[in-house]
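Reading through the structure tokens given below for one structure.
The values are calculated or read from the model by the stated rules, or taken from the named source; none is laboratory data. Remember, it's a predicted structure, so these values are computed and weren't measured experimentally. Positions of Cβ are backbone-derived with ideal geometry, glycine not excepted, and every protein chain shown enters the neighbour counts. What goes into the accessible areas is simple: the full protein's heavy atoms, side chains included, and nothing from ligands, DNA or RNA. Shrake-Rupley method; radii C 1.70, N 1.55, O 1.52, S 1.80 Å.
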Amino acid sequence: MRRDQVTDTCRANSAMSRKRRVLTPNDLKHLVVDEDHELIYCYVPKVACTNWKRLMMVLSGRGKYSDPMEIPANEAHVSANLKTLNQYSIPEINHRLKSYMKFLFVREPFERLVSAYRNKFTQKYNTSFHKRYGTKIIKRQRKNATQEALRKGDDVKFEEFVAYLIDPHTQREEPFNEHWQTVYSLCHPCHIRYDLVGKYETLEEDSNYVLQLAGVSSYLKFPTYAKSTRTTDEMTTEFFQNISSEHQTQLYEVYKLDFLMFNYSVPSYLKLE
């Protein structure tokens, strides 16, 4: 059903979803390849991608790692530790896309967005994000910003972040950062037919099903952990309370294909115009 939903949405929005006919190798840098088990995983930041990258390191590491949770999170994000599809020749890419099992995990788009905002803009340690994006957002969205705010960029408000995302100038300037880029743009589900669409809402069950299909479930399970800080629906609702209905409507348009494609209904807290 999930696969059909993607196919139907791609068909119904073909003008929008097929703007670019051909994928370039650069479009494939989120597709992690495990040669040994013939798997391709498209990672989406803020959808359990750290744990899935850890699993892919165990699977493709040829015995170098056995326990995914012993791999430090920052090591899981070092690009050299995983092989991505863009590193292959065109014939090799096509062969793998045809014959490997391809999967991705998705999450309610606005919950994912709030999670990205909380992680990148409210945590003191994320200074690289504050410098690169925070300063830009404050400069563009905040009237009478202090010199310190313009220099540090570490106190971006969610309303300012939303205003930045819907600003046409932002879209023209550079592609969205992967943490708030649409799944549709990161994983190209209208060009690549995924065998499995896992959901964050049923993460453990779906992940273990993937491992079962890969034939490794006898020795590998998806790491379970209750994250007390995780972004919930209630939290997301709160964040959206201060967003004007005009901005909500524009933001929904940006993420609309993700909502439709992965069968997420319009959140009840939205006041769309």
Seminar exercise, completed: the chain accessible area per residue, 1.4 Å probe, protein heavy atoms, integer Å², reads 52
Exercise. With all protein chains present, how much of the accessible area of the chain (probe radius 1.4 Å) comes from carbon and sulfur, to the nearest whole percent?
Worked result: 49
Exercise. Which value, in debye to the nearest 20, gives the size of the charge dipole of segment 1-109 about its Cα centre, when Lys and Arg are +1 and Asp and Glu are -1 at the Cβ?
Worked result: 540
Exercise. Hey, what did segment 81-238 get for relative contact order, percent, Cα under 8 Å, at least 6 apart?
Worked result: 29
Exercise. Can you give the charge dipole size of segment 89-130 about its Cα centre, rounded to the nearest 20 debye, using +1 on the beta carbon of Lys and Arg and -1 on the beta carbon of Asp and Glu?
Worked result: 60
Seminar exercise, completed: Taking Cα atoms, the helix 245-261 axis meets the longest principal axis of the chain at an angle in degrees (rounded to 10) of 10
Problem set entry | Acute angle (nearest 10 degrees) that the helix 109-121 long axis makes with the longest principal axis of the chain, alpha-carbon atoms | 70
Exercise. Among (i) 257; (ii) 143; (iii) 164, which one is volume of the Cα convex hull per residue in Å³ computed from these coordinates?
Worked result: (ii)
Exercise. Remind me, relative contact order of the chain in percent, using alpha carbon pairs under 8 angstrom and six or more residues apart?
Worked result: 24
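Which chymotrypsin sites (Phe, Trp or Tyr not before Pro) in segment 121-192 pass both tests, a DSSP loop state and at most 10 other beta-carbon atoms within 10 Å?
Details: sites: PHE121, TYR125, PHE129, TYR133, PHE158, PHE161, TYR164, PHE176, TRP180, TYR184; in loops: TYR125, PHE176, TRP180.
Those that pass, being in a loop and sparsely packed, are TYR125.
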For this session: For each cysteine in the chain, check whether another cysteine's C-beta sits under 4.7 Å from its C-beta; list those where none does.
Result: CYS49
Exercise. What's the lysine pair count for segment 16-129 at a Cα cut-off below 23 Å, pairs eight or more apart or interchain?
Worked result: 21
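Restricting to lysines 8 or more places apart or on different chains, can you count the pairs in segment 133-273 with Cα atoms under 15 Å from each other? Write down the numbers at each step before the final one.
Details: LYS136/LYS152; LYS136/LYS157; LYS139/LYS152; LYS139/LYS157; LYS143/LYS157; LYS256/LYS271.
Qualifying lysine pairs in segment 133-273: 6.
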Exercise. Percent relative contact order of segment 1-133, based on C-alpha pairs within less than 8 angstrom and at least six residues apart?
Worked result: 27
Exercise. By how many nm would the segment from LYS98 to THR122 lengthen if fully extended, with 0.36 nm per residue of separation less the alpha-carbon distance?
Worked result: 4.5 nm
For this session: Rounded to the nearest 10 degrees, what's the angle between the helix 49-60 long axis and the longest principal axis of the chain, both from Cα atoms, 0 to 90?
Result: 20
